[in-house]
Amino acid sequence: WSAIDYAVESFAKDLLNVFDSLDLALKSADNDQADPKELLEKLVEGLKLTSTQFEGVMTKNNIEKIETDGEFDPNIHNAVMQVDASEDTESGSIVEVLQQGYKLKTRTLRPAMVSVAK
């Protein structure tokens, strides 16, 4: 059983650095003496770096974003809205991504929530 219990140990360890970065960002936001504009700029920069760090952890662990350019595929997309097709969009194509989907290797973890041209 221990192999099953600790199967995610490597992934969990990879996430610890991401949590540390978020914790540092929260602590820096608690600075009463900081200039609000400067603080906001630093927080945005820190969040971007943390997001990049998190994407690296996901890539290392074979978790990828589902492609959302092009045609709707019910195996990996969840159409929650339809909009009229325009000159720029063909019927059946994805118009907007409302929530990003992810896959682990070839298995869908969460389909992408999209709007589709009709």
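We did not get these values from a lab; they are worked out from the coordinates using the rules stated. Not measured: the values here are computed from a predicted model. All Cβ positions, even for glycine, are placed from backbone atoms using ideal geometry, and neighbour counts span all protein chains on display.
Of note:
- If both residues of a DSSP beta bridge must be in the chain, then about 65% of such bridges are antiparallel.
- Angle of helix 9-29 to the longest C-alpha principal axis of the chain, folded into 0 to 90 degrees and rounded to 10: 70°.
- Note on L49 and A29: their simple-model spin labels are 1.6 nm apart, each label 7 Å out from Cα toward Cβ.
- Dipole in debye (nearest 20) - the chain, about Cα centre, beta carbon charges: Lys, Arg +1; Asp, Glu -1: 500
- Here r is the Cβ-Cβ distance between N75 and A3 and R0 is 41 Å; the resulting FRET efficiency, rounded to 0.05, is 0.85.
- Sites F19 and K105 - FRET efficiency at Förster radius 22 Å, r taken between beta-carbons, to 0.05: 0.35
- Förster radius 25 Å - calculated FRET efficiency between E41 and F11 (Cβ-Cβ, nearest 0.05): 0.20
- In this rough spin-label picture, where each label sits 7 Å from Cα along the Cβ direction, the S91-V57 distance is 4.5 nm.
- For the range 19-118, the relative contact order is 26 percent, taking Cα pairs closer than 8 Å that sit 6 or more residues apart in sequence and dividing their mean separation by the residue count.
- Tilt relative to the chain, helix 36-60 - C-alpha long axis, 0 to 90 degrees, to 10: 70
- Among E87, E67, E38, the largest mean-square fluctuation in a Gaussian network model of the chain, built with springs joining Cα atoms closer than 10 Å, belongs to E87.
- Under 26 Å from the Cα of K65 - lysines, other chains or at least 8 residues apart: K13, K48, K103, K105, K118
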